[in-house]
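Quick notes on the structure that follows.
The values are calculated or read from the model by the stated rules, or taken from the named source; none is laboratory data. The shown structure was predicted, so the numbers you read here are calculated from the model rather than taken from an experiment. As a convention, Cβ positions derive from the backbone with ideal geometry for all residues, glycine included, and neighbour counts pool all protein chains shown.
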């Protein structure tokens, strides 16, 4: 029996490792047959160009095997990198295209090939409007915005008065996430009894009032979010920013440097409190910590409705599958 949809996955980040199963479950829940073709792990290489090549080649191998085994009616490539060397056209679900995050020499071969793959795709599935705009002038390829679904990690949010961690950050990739900038801002902004926890960094002191938590299981990380008053981010470039969306849905105030890239939480944060989106990160941290109790979390919950699982499932059922499986 043939499969309706094969999802070709590159499980290279925690975000993608969570996103692909959510997509497969939504497809299956809508009544279609689905299989996931996960690329094999690739060895570390020195440049973005080589990294993308070895990952795209691994995705191609996985796709070829899945096509032979499942004879799918449609393919969905999870990331533009997974689609670069794809053996046949498919929909592309992406956070940020090479046109955005592979500038200059870093994307010499990826950008023109990406344009051809986008032009041949039956459907584009950007995670955000910003991701779609980053492609520039588009060919006539239909597109549907499909954010990664997020849900609160508890039935009811923890009241601000019960949160015992002043600030939390996530920086498994210290350079990309701007950890040095976060630590400097925290040292300038904190009071003596306030501490910053940094998930993804080794356990122990990271400087004045800051300490790493080590690598945490997802449930343990989300438990920390429920204890934190603010979440601090300073990405140099953010392709999507699932950690910031999770912080908002779990009731944290989001303090962020503007950063580059199609970063939906940045605009949500501006809507909620523009003073907390600033290059003066220390001032924004102090403003957030000193803010009186208000309806920030409730307003954030309203803004996040399009990112919730129910909306995701409805988009897959009512728009994505009809477009791919007419």
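Filtering 115, 105, 140 for residues that are assigned to a helix (DSSP H, G or I), surrounded by fewer than 17 Cβ atoms within 10 Å (Cβ to Cβ) and at pLDDT below 95 leaves a single hit, 105. Only one entry in 154, 185 is out of contact with any strand residue (DSSP E or B) (no Cβ under 6 Å at 6 or more places or on another chain) and buried (at least 19 other Cβ atoms within 10 Å of the Cβ), namely 185. The residues of segment 160-173 that are surrounded by fewer than 19 Cβ atoms within 10 Å (Cβ to Cβ) and modelled with pLDDT of 95 or more, listed by number, are 163, 164, 165. For segment 64-89, the set of residues classified as closer than 21 Å to residue 148 by Cβ, touching a strand residue (DSSP E or B) at 6+ places or on another chain (Cβ under 6 Å) and either modelled with pLDDT under 95 or assigned to a helix (DSSP H, G or I) (or both) consists of 80, 82, 83, listed by residue number. For residue 156, the criteria (1) touching a residue at least 24 places away in the same chain (Cβ under 8 Å); (2) part of a loop (DSSP other than H, G, I, E, B) hold in every case but one, which is (1).
Within segment 201-215, count every residue that is touching a helix residue (DSSP H, G or I) at 6+ places or on another chain (Cβ under 9 Å) and either modelled with pLDDT of 95 or more or not assigned by TED's automatic domain parsing to the domain that holds residue 174 (or both). Number satisfying all stated conditions: 5. Of all residues in segment 185-225, which are assigned to a loop (DSSP other than H, G, I, E, B) and on the phi > 0 side of the Ramachandran plot? Across segment 185-225, the qualifying residues are 200, 209, 214. The residues on offer are 268, 289, 321, and the sole one that is modelled with pLDDT of 95 or more, closer than 30 Å to residue 6 by Cβ and assigned to a helix (DSSP H, G or I) is 321.
Which one is farthest from residue 95 (Cα to Cα) among residues in segment 249-265 that are assigned to a helix (DSSP H, G or I) and touching a residue at least 40 places away in the same chain (Cβ under 8 Å)? That would be 249.
Given the structure, is residue 90 crowded, with 23+ Cβ neighbours inside 10 Å, closer than 30 Å to residue 326 by Cβ and either touching a residue at least 40 places away in the same chain (Cβ under 8 Å) or within 23 Å of the chain's Cα centre (by Cα) (or both)? Talk me through it step by step, then tell me what you get.
Details: crowded, with 23+ Cβ neighbours inside 10 Å: yes; closer than 30 Å to residue 326 by Cβ: yes; either touching a residue at least 40 places away in the same chain (Cβ under 8 Å) or within 23 Å of the chain's Cα centre (by Cα) (or both): yes.
Yes: the conditions hold for residue 90.
Among residues of segment 42-55 that are in the same structural domain as residue 12 (by TED's automatic domain parsing), those with a Cβ under 6 angstrom from a residue that is assigned to a helix (DSSP H, G or I) and crowded, with 17+ Cβ neighbours inside 10 Å, sequence gap 6+ or separate chain, pair up as 42/55; 42/58; 45/51; 52/81; 52/110; 55/81.
Tell me, please, whether a residue that is surrounded by fewer than 18 Cβ atoms within 10 Å (Cβ to Cβ) and in contact (Cβ under 8 Å) with a residue 60 or more places away in the chain can be found in segment 230-248.
Within segment 230-248, the first condition is being surrounded by fewer than 18 Cβ atoms within 10 Å (Cβ to Cβ), and the residues that meet it are 236-237.
Then keep just the ones that are in contact (Cβ under 8 Å) with a residue 60 or more places away in the chain; that gives 236-237.
Among the residues of segment 230-248, at least one is surrounded by fewer than 18 Cβ atoms within 10 Å (Cβ to Cβ) and in contact (Cβ under 8 Å) with a residue 60 or more places away in the chain, which makes the answer yes.
Using beta carbons and a limit of 8 Å, which pairs, at least six apart or on different chains, have the first residue in segment 125-147 and at negative phi and not assigned by TED's automatic domain parsing to the domain that holds residue 264 and the second one surrounded by fewer than 21 Cβ atoms within 10 Å (Cβ to Cβ) and in a strand (DSSP E or B)? Filtered contacts from segment 125-147: 125/143; 126/143; 132/143. For segment 249-263, filtered to residues that are modelled with pLDDT under 95 and buried (at least 24 other Cβ atoms within 10 Å of the Cβ), the residue that is farthest from residue 103 (Cα to Cα) is 263.
The residues of segment 311-326 include none that are without any contact (Cβ under 8 Å) to a residue 12 or more places away in the chain and within 18 Å of the chain's Cα centre (by Cα). The set of residues in segment 121-137 that are surrounded by 15 or more Cβ atoms within 10 Å (Cβ to Cβ) and either at pLDDT 95 or above or in contact with a helix residue (DSSP H, G or I) (Cβ under 9 Å, 6 or more places away or on another chain) (or both) comprises 121, 122, 123, 124, 125, 126, 127, 128, 130, 131, 134, 135.
Every residue, every condition in (1) surrounded by fewer than 19 Cβ atoms within 10 Å (Cβ to Cβ); (2) in a helix (DSSP H, G or I), yes or no:
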position: 2; (1), (2): yes, no
position: 8; (1), (2): no, no
position: 16; (1), (2): no, yes
position: 19; (1), (2): no, yes
position: 24; (1), (2): no, yes
position: 31; (1), (2): yes, no
position: 37; (1), (2): no, no
position: 40; (1), (2): yes, no
position: 43; (1), (2): yes, no
